[in-house]
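The values are calculated or read from the model by the stated rules, or taken from the named source; none is laboratory data. Since we're looking at a predicted model, the values are computed, not measured. No Cβ is skipped: glycine too gets one built from the backbone with ideal geometry, and neighbour counts run over all protein chains shown.
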Amino acid sequence: MTNSRAVEVALALFADARALLPAHDVEFKPEGETIHVCVAGDHGVTLHLSPVDDMAEALVAAASEASDYVTEALGAKGLVWPQCPMHPRTHPLVAEQRNETAVWMCPAAGAVVAKIGQLQR
C-alpha cells in the first residue's frame, strides 16, 4: 500500500468521524504504512494497514480497527462510533465489503447505511 492510499484511508475515516462526532477531537494521521488514531488527547492507537492492492479491503480493515478504538475511547461517555442511525445509542455500524465497495452496515438489520467516507449526520 502506498502512502497515498494511507492518506485516502485516513481522509475517509476522518470524514466519517467528523460527520458523527463534531464535538470530539478525533485525529487520523497517516504515517507511512500506518495511520495513528487519537481521540481527545488519548494516547491513541496505530493502525497497521494491510499490504493489499484492493482499496475497499484496506478501508474495511482500517475502519473496523478504528471503530473499535474510538468506541472504546468514548465508551465512558456512552458513545459508539460510528453510531447506527437505525438504532441510535445501541450499537456501532460495522465495516464490510459489498460489491467491491467498503461500506458501513447496521449489524442488526444487515442494511448498508453508507459508503465508508460518506457518513452523514
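The table below lists the values:
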{"read-out": "Within region 25-73, considering residues that are surrounded by fewer than 16 Cβ atoms within 10 Å (Cβ to Cβ) and of a type in the set (A, V, I, L, M, F, W, C), the one farthest from Glu8 (Cα to Cα)", "value": "Ala40"}
{"read-out": "Answer residue from region 69-96, given it is among the β-branched types (Val, Ile, Thr) and part of a helix (DSSP H, G or I) and is nearest to the chain's Cα centre (by Cα) among those", "value": "Val70"}
{"read-out": "Leading residue by the ranking (modelled with the highest pLDDT) among those in region 98-121 that are surrounded by 15 or more Cβ atoms within 10 Å (Cβ to Cβ) and in a loop (DSSP other than H, G, I, E, B)", "value": "Ile116"}
{"read-out": "Residue check, Ala66 among the hydrophobic types (A, V, I, L, M, F, W, C), under 24 Å from Val45 (Cβ atoms) and either out of contact with any Leu (no Cβ under 7 Å at 6 or more places or on another chain) or assigned to a helix (DSSP H, G or I) (or both)", "value": "yes"}
{"read-out": "For Ala95: the one exception among (1) of a type outside the set (Ser, Thr, Tyr); (2) at pLDDT 90 or above; (3) out of contact with any strand residue (DSSP E or B) (no Cβ under 8 Å at 6 or more places or on another chain)", "value": "(3)"}
{"read-out": "Unique residue being touching a Gly at 6+ places or on another chain (Cβ under 8 Å) and of a type in the set (A, V, I, L, M) when the list is Ala15, Ala58", "value": "Ala15"}
{"read-out": "Subset of region 97-114 [over 13 Å from Leu20 (Cβ atoms) and within 11 Å of the chain's Cα centre (by Cα)]", "value": "Ala102, Val103"}
{"read-out": "Tally, over region 20-63, of residues that are touching a Pro at 6+ places or on another chain (Cβ under 8 Å) and in a helix (DSSP H, G or I)", "value": "1"}
{"read-out": "Search result, residues across region 74-113 that are out of contact with any His (no Cβ under 9 Å at 6 or more places or on another chain), within 14 Å of Leu13 (Cβ to Cβ) and in contact (Cβ under 8 Å) with a residue 24 or more places away in the chain", "value": "Pro82, Pro92, Leu93, Ala95, Ala102, Trp104"}
